[in-house]
Protein chains: 2
Amino acid sequence: MVQTESKTQLDKLNEALDSGEFRQIRFTLNHTLRPTEVARLIEKSPPKERQILWNLVSQELEPEVLQHLADDIQADILSRMNSEEVLALTESLDSDDMVDLLQQLPNRVMKETLRIMDKQNRRRVEQLLSYPEDTAGGLMNTDTTTIRPDISVETTLRYIRRHDEIPEMTDSLIVVSRKDSYIGLLPLTKLLVSDPAITIREIMVTDIDPINASMPDDQVAILFEEHDLVSAPVVDDDGKLLGRITIDDVVDVIREDADHSLMSMAGLDEDEDTFAPVMKTTRRRAVWLGINLLTAFIASAVIGLFEDTIEKVVALAVLMPIVASMGGIAGSQTLTLVIRGQALGHVEKSNAGWLLNREMVVGALNGILWAVVIAVVATIWFQDYNIGIIIALAIVINLVAGAIAGTLLPISLKAMGIDPALAGSVLLTTITDVVGFFAFLGLATIFYA
Amino acid sequence: MVQTESKTQLDKLNEALDSGEFRQIRFTLNHTLRPTEVARLIEKSPPKERQILWNLVSQELEPEVLQHLADDIQADILSRMNSEEVLALTESLDSDDMVDLLQQLPNRVMKETLRIMDKQNRRRVEQLLSYPEDTAGGLMNTDTTTIRPDISVETTLRYIRRHDEIPEMTDSLIVVSRKDSYIGLLPLTKLLVSDPAITIREIMVTDIDPINASMPDDQVAILFEEHDLVSAPVVDDDGKLLGRITIDDVVDVIREDADHSLMSMAGLDEDEDTFAPVMKTTRRRAVWLGINLLTAFIASAVIGLFEDTIEKVVALAVLMPIVASMGGIAGSQTLTLVIRGQALGHVEKSNAGWLLNREMVVGALNGILWAVVIAVVATIWFQDYNIGIIIALAIVINLVAGAIAGTLLPISLKAMGIDPALAGSVLLTTITDVVGFFAFLGLATIFYA
């Protein structure tokens, strides 16, 4: 299916690129594939091929292809253009898509581009730019189709037919007052089955609240999911209609939010370009490795406190990674569960206590279970039941510590406005390493003193 | 907004539960909140409260609430019902939602429920049950609104008006032949702006291929995202219309797929219930801890090979976790990037070579950078430049090993049909631990021999 098809497409393109048959590639890009498919091909090509492919895309298709590329790649392509080129490329787009692209521009080029825009467009774009990217205002589009409540279904149908087309993803007409205040929605499905003589006021839907432009985008996503919406009206604080949000943009929010936790936990950005060039990748990763190195040094310092004990009983050095590793694994299970629960809006103050309690009990139970196994193996391995007792105790302590840290870290980080997915995993490992080494080597120092 | 509101709701409910004011809760559940909001409240309550809340939901609302609950919780509630109760509860639902619920039933109860269903319903449900849950057939609904190509727009509008209502999420009528073969789509937005005298054939859209019932659901999601679809027709191998898929069900697929990688990497299931009871949670986590314990023992065994060297130079025990940890972190960055790339359909054979190469270079560069830092710190700390040289070499080796393992593991696991997100992280840590300890302690054994 799709997978196999595009596999061959990429293969074919690579062959064509190797042999320099650009005419054939140009034809495929501009006449065989859809703009979204071209965007996907560009995304999965390494930087050099990417540049060649982009240059082969015809001018008419450029806007459509560009808007479907990942943010990073858009920024890269736009960075090589001046304001006239940017304007020529973006002016055919919907205002919300245009704004998304403009936001990838360096500040100077964006200002210049706005300056050379015609007045009406500039006003619209500046208004959209005034909303943060991650709010309803930043998501919305201004292509609403509005009607008044006091006209009849028949008049509405005639009014609609005068349009050449209705914007894509229009599932409802928006009912507004003379002053453009939001009143209600008229689903097309309802318009089509209603008596022509009846007025819009009698059939419009009013039980869906319009979205305020300042609502954060993750809450917009929850609203769309809960109410199975295709589009929703956006209003300002006074209830005046500003635009509408469509499900395709909400799907992007959902995918990015879900990717965010996964990528952040490895210190990566959710917009991370899979095929970014070497130096860009090296620089970004270096920071994360540096932060983790700090925590590794802290763990080493803890071990350093017990050098004398290790010198006496080398078996401790052999077994100590087990204690740290088991605590880290158990802790990150809890951490991941809580972070996912936060993203779904499940975790809050009133149930955090229950969660912490459950995690501690689970940590203790699994700690005891595996402590017994590890103790038996360690005792047999080193012919020393002391070491079995020491490691068993340390495992239980560290699994409970992992459970506590895994629950409380994301909750307190979020309360402090720090991203739990980004900071959580580093802090968790620091805690389980320190607690693990300290408990194991500390107990050993007492036992073997 | 939503967040704050539902926070107070959960708080209020908890207070009411504590004081036993069930009448007030019953009123809130059945008259103030929407079914989706009730479902979310139940999901974020611990098991005991959950049972109480469910019992307070009125009979009419039960079907709507149940279908919006997570799979795990659905199964739990359904497991306490007999087939008559299940049937009474589910028969008001759309056939696809009904099938989703039936799939949570134990086999025996499901068969029994099918047996007591009326004939027409059973046929429809059995047909839907015949498609695997994770295919287009498993996602589809049978509530299509179809028309013939040779009638006029006017006749179509009159025909539609005879309906009492059109199913939700209907953005297009489906154009079919006399034999129910799929021909094309007629978007409602197009129907509304077209000349009444024109025939459907002249204005229908035919450039969107119908989806085969056997297409995997992640590919359906990609299609919906690429073409910004709201609904899409599903056909069998002969092109006969079977039903349609709507964006609300696709959004669920997207969210679950995205959650899958995050949760699997911690050995959790993407359906994992945040508030599952203690014993269920303990059992599920125990398995993952056991698997990780095995890999920890392997790492310990490697350290065990070098006991003599460690006895001579205890500083090695202090520093060795740094080598393992840095390799593990670098490796999981690569692993996460590749797994995300696979989920987005970016990584395939033809670009895997470039990716491996890039990762190795990045690993080597970051390895050299941090090796220098670590070497300086280690040399000063232990007043021994040998240990600085040894750890620097080991760090570079392990970061490159992490890069290779992080790239090749998910690619080969996927080729073998094993889930890279689930198996990848365990295998990766095993490799970076073994390589890290072996390189560091092995080099030390040579240097200090």
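The values are calculated or read from the model by the stated rules, or taken from the named source; none is laboratory data. Computed from a predicted structure; not experimentally measured. FYI the Cβ positions are ideal-geometry reconstructions off the backbone, even for glycines, and counts take in every protein chain you see.
Residue by residue, here is whether (1) touching a residue at least 12 places away in the same chain (Cβ under 8 Å); (2) of a type in the set (A, V, I, L, M) holds:
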| site | (1), (2) |
| --- | --- |
| A:31 | no, no |
| A:75 | yes, yes |
| A:86 | yes, yes |
| A:143 | yes, no |
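Name the residues in the stretch B:263-306 that are more than 8 Å from every other protein chain (Cβ to nearest Cβ), of a type outside the set (S, T, N, Q) and in a helix (DSSP H, G or I), would you? Across the stretch B:263-306, the qualifying residues are B:279, B:280, B:283, B:284, B:287, B:291, B:294, B:298, B:301, B:302. Which of the residues that make up the stretch B:42-52 are surrounded by fewer than 20 Cβ atoms within 10 Å (Cβ to Cβ) and within 22 Å of residue B:100 (Cα to Cα)? Scanning the stretch B:42-52 gives a single hit, B:51. Looking at the stretch A:23-80, the helices (runs of 4 or more DSSP H) lying wholly inside it that each contain 1 or more residues that are under 14 Å from residue A:275 (Cβ atoms) and either away from chain B (no Cβ under 14 Å) or aliphatic (A, V, I, L, M) (or both) sit at A:35-43, A:47-56, A:71-78.
Only one residue in A:62, A:43 is of a type in the set (D, E, K, R) and in contact (Cβ under 8 Å) with a residue 60 or more places away in the chain. Which one?
Numbers: A:62 fails: in contact (Cβ under 8 Å) with a residue 60 or more places away in the chain.
Testing whether each residue is of a type in the set (D, E, K, R) and in contact (Cβ under 8 Å) with a residue 60 or more places away in the chain leaves just A:43.
Is it true that residue B:249 is more than 7 Å from every other protein chain (Cβ to nearest Cβ), crowded, with 20+ Cβ neighbours inside 10 Å, part of a loop (DSSP other than H, G, I, E, B) and among the acidic types (Asp, Glu)? When the stated conditions are applied, residue B:249 does not pass them. Take the residues in the stretch A:127-157 that are surrounded by 19 or more Cβ atoms within 10 Å (Cβ to Cβ) and of a type in the set (Gly, Ala, Ser); name whichever of them is nearest to residue A:211 (Cα to Cα). Among them, the one singled out is A:136. The residue list A:176, A:125, A:153 contains one member that is within 19 Å of residue B:160 (Cβ to Cβ) and not basic (Lys, Arg), which is A:153. Counting only helices (runs of 4 or more DSSP H) that fall entirely inside the stretch B:310-424 and contain at least 2 residues that are at the interface with chain A (Cβ under 8 Å from one of its Cβ atoms), the qualifying elements are B:315-343, B:349-382. Would a scan of the stretch A:341-348 turn up a residue that is in contact (Cβ under 8 Å) with a residue 12 or more places away in the chain, acidic (Asp, Glu) and not assigned by TED's automatic domain parsing to the domain that holds residue A:45? Checking the stretch A:341-348: not a single residue is in contact (Cβ under 8 Å) with a residue 12 or more places away in the chain, acidic (Asp, Glu) and not assigned by TED's automatic domain parsing to the domain that holds residue A:45. Condition check for residue A:235 on (1) under 30 Å from residue A:175 (Cβ atoms); (2) at the interface with chain B (Cβ under 8 Å from one of its Cβ atoms); (3) without any contact (Cβ under 8 Å) to a residue 60 or more places away in the chain: one failure, at (2).
Quick test for you: out of B:230, B:220, pick the one residue that is buried (at least 19 other Cβ atoms within 10 Å of the Cβ), among the hydrophobic types (A, V, I, L, M, F, W, C), facing chain A (nearest Cβ under 9 Å) and within 30 Å of residue B:174 (Cα to Cα). Working first, answer last.
On the way: B:220 fails: facing chain A (nearest Cβ under 9 Å).
Among B:230, B:220, only B:230 is buried (at least 19 other Cβ atoms within 10 Å of the Cβ), among the hydrophobic types (A, V, I, L, M, F, W, C), facing chain A (nearest Cβ under 9 Å) and within 30 Å of residue B:174 (Cα to Cα).
Within the stretch A:390-444, restricting attention to residues that are over 24 Å from residue B:293 (Cα atoms) and among the β-branched types (Val, Ile, Thr), the residue that is surrounded by the fewest Cβ atoms within 10 Å (Cβ to Cβ) is A:418.
Of the helices (runs of 4 or more DSSP H) entirely within the stretch B:114-230, those holding at least 1 residues that are within 21 Å of residue B:93 (Cβ to Cβ) and polar (S, T, N, Q) occupy B:119-129. Just one of (1) more than 18 Å from the chain's Cα centre (by Cα); (2) under 30 Å from residue B:148 (Cα atoms); (3) modelled with pLDDT under 90 fails for residue B:222. It is (1).
Considering the stretch A:188-217, the residues that are touching a strand residue (DSSP E or B) at 6+ places or on another chain (Cβ under 8 Å) and among the β-branched types (Val, Ile, Thr) include one that is surrounded by the most Cβ atoms within 10 Å (Cβ to Cβ), namely A:211.
Taking the stretch A:161-176 as the search range and keeping residues that are crowded, with 18+ Cβ neighbours inside 10 Å and facing another protein chain (nearest Cβ under 7 Å), which one is farthest from residue B:248 (Cα to Cα)?
Looking only at the stretch A:161-176, we keep the residues that are crowded, with 18+ Cβ neighbours inside 10 Å, and these are A:166, A:169-176.
Subsequent filtering for residues that are facing another protein chain (nearest Cβ under 7 Å) retains A:166, A:169-171.
Values: A:166: 22, A:169: 14, A:170: 16, A:171: 14 Å.
Once the filter is applied, the top-ranked residue is A:166.
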